[in-house]
1. Comparing A:126, A:141, A:45, which has the greatest mean-square fluctuation in the GNM of chain A with Cα pairs linked when under 10 Å apart?
2. Let me spell out the model: positive unit charges on the Cβ of Lys and Arg, negative unit charges on the Cβ of Asp and Glu, origin at the Cα centre of region B:366-470. What dipole size does that give, in debye rounded to 20?
3. Excluding ligands and nucleic acids, what accessible area in Å² is computed for residue B:20 using a 1.4 Å probe, to the nearest 10?
4. What does the helix-only formula give at 222 nm for chain B: each DSSP H stretch with n ≥ 4 adding -39500 (n - 2.57), the total divided by the residues, and the result rounded to the nearest 500 deg cm²/dmol?
5. Report the B-A buried area as the accessible area lost on both sides summed, probe 1.4 Å, in Å² to the nearest 100.
6. State the extension gain, in nm to one decimal, for the chain segment bounded by residue B:190 and residue B:722, taking 0.36 nm per residue of separation less the distance between their alpha-carbons.
7. With r defined as the distance between the Cβ atoms of residue A:4 and residue B:50 and R0 fixed at 51 Å, what FRET efficiency is calculated, to the nearest 0.05?
8. On a 1.4 Å probe surface of the protein chains, which of B:475, B:362 comes out largest in accessible area, and what is the full order?
Amino acid sequence: MPKLSAASRHSVSFTVNGVARSVEVESRTLLTDALRHGLGMTGTHVGCEHGVCGSCTVAIDGTMARACLTLAVAAEGCDIRTVEGLGLGPGRLGVLQAAFKRHHALQCGFCTAGILMSLDTYLRRHPDPSREELTLVIGGHLCRCTGYAPIVAAALDAAAELRGAQKHPEETAHA
Amino acid sequence: MSATGIGAPVLRREDKRYITGKGQYVDDVNRYGQAHAFFLRSPHAHARILSIDTAEAEAEPGVVAVYTGQHLADDKVGGLICGWMIHSKDGSPMKAGPHPALAQGKVRYVGDHVAVVIADTYSEAKDAAEKIVVDYEVLDAVVDTAGARTAGGEPVHEVAPDNTVFEFHLGNREPTEAAFARAAHVTKIDLVNNRLIPNAMEPRAAVGDWDAGTDTFTLYTTSQNPHVARLVLSAFIGIAPEHKLRVIAPDVGGGFGSKIFIYAEETVCVWAAKKVGRPVKWCAERTEAFLSDAHGRDHVTHAELATDAGGRVIGLKVHTVANLGAYLSTFSSSVPTYLYAPLLSGQYDIPAIYVEVDAVYSNTAPVDAYRGAGRPEATFVIERLMEVAARELGKDPAEFRRQNFVTSFPHQTPVIMCYDVGDYAASLDKALATVDYVGFPARRAESERRGMLRGLGFSAYIEACGIAPSAAVGSLGAGVGLWESAEVRVNPVGTVEVLTGSHSHGQGHETTFAQLVSDRLGIPIDNVSIVHGDTDKVQMGMGTYGSRSGAVGMSAIVKALDKIETKARKVAGHVLEAAEGDIEFKDGKFTVKGTDKSIDFASVALQAYVAHKFNGQELEPGLKEGAFYDPTNFTFPSGVHICEVEIDPDTGVTRIERWVAVDDFGVLINPMIVEGQVHGGIAQGVGQALFEGTVYDSSGQLLTASYMDYQMPRAYDFPRFSVETTETRCPSNPLGIKGCGEAGAIAAPPAVINAITDALGHEDIAMPATPRAVWRAIRRTPQKMAAE
């Protein structure tokens, strides 16, 4: 295997929220840093850099992943989704996002993007989850503000709406 | 009540940017040409620095500069300060050791700042730091809180030869001794209030910038109080005069106290920005946060409660050793003293109280305010004592508390505080009903049938919030006043900007403060914006901590709104050609009494700016008013929390089965946000009781420096909380509000431990009550433990 030097740079290409992007990175650059500092997509947050807190969670090829444990070069050719892609359109909140607001499921907002991405990924595969299942998914994240209960409530509510079991009017958020 | 006024559960206006990834936290700030800082930290808890060789590091690729404490000294950069002077009982001032932002001669804890490397990229800075050669003479570390005073060896600071910062006392000693002499029963307990690491999810970060053209500094920092940061960096550390130093605390991802303080890293970043002529950015890695964020709690306490033959509490004696760590952090000295001892009376009418607090240095991270700050420690002492005393006296713990509640107000305690209002029995009654207290024996029996242990624990807490009357805290040693400021700027079209000295880092001020303004001026909430966190916009403020932003920050807005209304009435009087005294203001309309002549608020605003209808010499054009509000008393939120647990004796795992919180926060501005604060506070308090424990080994290495080692509460750790309120209106501020940000963290720990000890049948369990600790506690009686 060739020895990589700290100075070597690599061009990595992937899609982010459906848009083709390329970014120059070091061999050791993490996907978090490539997104945040290489592409200016600062919605993905870094809370611990050791894969425990979940703030950095994104979807890679439809699977939830800790971007802080993913080398940017390993994302070559992948389809990445981040919090910036969760809305229904400019200024329009997605169903999960609106549920988070409705249930006061965030306070400081720092951990929120990662939790949204885990839930978004999970609900695509498990449209009718139990409270216990959602609690376990959310249990993969640390939130220091909310005590989690409103996050679970928001997730249940969003799941029901995504199944078509109930409908909330589209969020008309205050600016 | 309008849909967006006071008392309405208005959805948060700030949420949109957070849930769409558009928040702007400090690490999201990038300045053109910025360099990156990495701090070389001490691997030793206590060592003399014999030499530092940075030559090789300076030659590494990308390195811009390497600085040590010598550079700070050469530039006459002042040390970090502690802003609250505590005097010992003999009258001597606390012994404050030097606290340079980069070590000068000695390192005093693992994580202490030895040098900073500034490079083009963070990786380059981090790589180069490995090339710095430091020659240390390792010294014995002082780690143990209770043993710090008799540790021997070289003290942490020369100024404190026995590692004692101060010996504080409060209360009435002789009456207390007399009460104990005549007591029918004395309950004694020994408690450790475990050291916690705050762990706001956003790590601390800073970007320092210097404009060569204007010689002006800008610091972006994760701060709960940017104006205090500017004051300290300017007046004490000497970075730049205040008018040349702008501090911006943008979106901040949680604080819980840990972002009140002025730390080494932001000091170095803003100073170095001028040295290197480039913006300098730093963001903590999580392990750096564990090592160097100010920790919380860390008390070792012996306490005794005297009761008479009728079961009345007649005296309380407390002796606490408080570990303040290696340096005195910004407000550290106030926490185990005036934020602790005055709360030891709890909700009870105790005629005699005497408290002694010995504060010690140790070779551990500095300890300062963490959510609750002193009040959780006090509540743990009094609520564990009340529970144990009730058990010893064979009394129902709820009724024993009720028997001793303060019932008439105002109530002067022997430890400074004058409780203004409260109805403690109302909260207790509601909590007992909500938890189904009468059904508990049946639930316990049912658990026993399944081989499980069930217990129920109370916590009847009180806290002092709305910090604080400036003259009062000044007399107690505070270096600052604790008023708050507000400025209300009405635009010509009637929209309103409110500038506040409070800072929101999750509390939702952009919503609650706007509710107040919308309610008062009768304008749509969308026409109100709240501005905070920038010293160039807000002139001065004291920031957010101590559950003060509602009681103090919003009161300042009320005062400014009063002035706006007064001025607007004058303008309306001119426009409507009526005497000012004949103008009524209601629901956003100024009306001439008894007529249908009226003008709405927006039109008055326009008239104030066009100024056609009045003589500018008689009445100034414009509509903008400011106010400083200094509270007249602390506020005293109180409540009763009940925790019911089930313990699996085979595994020691404690499950919380029920949690009832009944809190009296006075008037609620936004009940949804209040409930969120209570939930979050309880989660942190439960974290302290069940999971979170900071462990240093005997050499001062932090063993719990990652999320693999420091257990944070997770979603599956909690039941659904029942959160209720009662209301007694606070008489000492115009809105009648008390504050809710810390209540859960204050109330929760004793509720959990009282429930666990109820289940165990003995009192011998320390926090955190991990499965291992509980499993061991189940398997031996306290007598056996004492014999070991």
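1. Taking springs between Cα atoms under 10 Å, the residue moving most is A:126.
2. Computed about the Cα centre, the dipole is about 400 debye.
3. Here the accessible area works out near 30 Å².
4. Mean residue ellipticity, 222 nm, calculated: -7500 deg cm²/dmol.
5. Heavy-atom accessible area buried at this interface is about 4400 Å².
6. Fully extending the segment from residue B:190 to residue B:722 adds 188.4 nm.
7. Plugging the Cβ-Cβ distance into 1/(1 + (r/R0)^6) gives 0.90.
8. Of B:475, B:362, the descending order of accessible area is B:475, B:362.
The values are calculated or read from the model by the stated rules, or taken from the named source; none is laboratory data. Please read all numbers here as calculations on a predicted model, not as lab measurements. A quick note on method: Cβ atoms are made from the backbone with ideal geometry, for glycine too, and the neighbour counts reach across all protein chains shown. Just the protein is used for accessible areas: all its heavy atoms, side chains included, with ligands, DNA and RNA removed. Shrake-Rupley method; radii C 1.70, N 1.55, O 1.52, S 1.80 Å.
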